[in-house]
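Asks: Sharing a structure, written as structure tokens. Questions coming.
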Amino acid sequence: MATERETDVPQVIGMAANPMVAKVWRLAEPLCLSEGMELVHVEFQREPAGRTLRIYLDKPGGVTLDDCVNISRQLSDLLDVGLETEAPYRMEVSSPGTRRPLGRLGDFERFKGSRAKVRTAQALEGRKNFTGTLQGLDGLSVLLGVDNQALSIAFTDIVKAHLIH
């Protein structure tokens with residue numbers, strides 16, 4: 001049974017597949033909000049140099065280097081106490097940049113009219129990778145204009161998505 005704290009976590013792409021991402025969201029989001037920032041995305045993955053935890057932040061007017069340093073220092077302390085992992089990892093805190101990750105359901109409505117790349121877990125029409133224009137939401141499905149057609153993709157089937165320019 002989910003605790004009240006677990007149900008506070010927004011439904012975010014990748015959260016169900018990676019418990020570490022869910023834990024980091026629960027610890028990082030209140031900190032980011034208290035500092036006037038939006039927690040955009042969390043990634044935790046293996047890379048050639050080892051495990052990397054990436055935190056993407058945003059705020060009106062953009063994120064500065066000082067913002068990233070401030071959150072990094074505070075979050076490092078929170079993660080040292082709140083994460084139960086003995087696996088070493090490297091943490092990176094940055095702005096989302098031009099390839100802004102889309103992780104929350106609301107992002108697909110917020111950036112309606114923007115171009116995006118979307119990858120799905122299951123093939124749709126024989127493909128898993130789509131590039132098109134975000135056309136908003138239909139319930140819990142993302143509408144993406146691809147090849148002059150509106151493609152409906154279940155939010156729960158999306159494994160990765162980001163804006164493109």
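Rule-based calculations on the coordinates, nothing more; no lab input. If you're wondering where the values come from, they're calculated on a predicted model, not measured in any experiment. With ideal geometry, Cβ positions are generated from the backbone for all residues, glycine too; neighbour counts draw on all protein chains shown.
Asks: Check cross-link reach from LYS117 to the lysines: straight Cα distance under 20 Å, and skip same-chain residues fewer than eight apart.
Replies: Candidates past the 8-residue exclusion: LYS128, LYS160.
Asks: OK, next. Out of GLN74, GLY103, GLY113, whose Cα points farthest toward the positive end of the dipole of the chain (charges: +1 Lys, Arg; -1 Asp, Glu; placed on Cβ)?
Replies: About the Cα centre, the residue reaching furthest to the positive side is GLY113.
Asks: Continuing with this model, one more query. Which one of GLY61, GLY145, ILE13 is farthest out on the positive end of the charge dipole of the chain, using unit charges on Cβ (Lys, Arg +1; Asp, Glu -1) and the Cα centre as origin?
Replies: The one lying farthest along the dipole's positive direction is GLY145.
Asks: Relative to the longest principal axis of the chain, what angle (0 to 90°, nearest 10) does the C-alpha long axis of helix 19-34 take?
Replies: 80
Asks: Given R₀ = 22 Å, FRET efficiency for MET91-LYS160 by Cβ-Cβ distance, to 0.05? Show your work: numbers first, answer last.
Replies: Working: r = 20 Å, r/R0 = 0.92.
So, using R0 = 22 Å, E works out to roughly 0.60.
Asks: Using label points projected 7 Å from each Cα along Cα→Cβ, tell me how many nm separate ARG127 and ASN18, to one decimal.
Replies: With each label placed 7 Å out from Cα toward Cβ, I get 2.5 nm.
Asks: Ranked highest first by the average count of other Cβ atoms within 10 Å around their residues, in what order do 62-72, 24-34, 83-93 fall? Please report the intermediate quantities before stating the final value.
Replies: Working: 62-72: 14.5, 24-34: 17.3, 83-93: 11.7.
Taking the mean over residues of other Cβ atoms within 10 Å, the ranking is 24-34, 62-72, 83-93.
Asks: Treating the angle as unsigned and between 0 and 90°, give the value, to the nearest 10°, between the Cα long axis of helix 65-82 and the longest Cα principal axis of the chain.
Replies: Tilt of helix 65-82: around 70 degrees.
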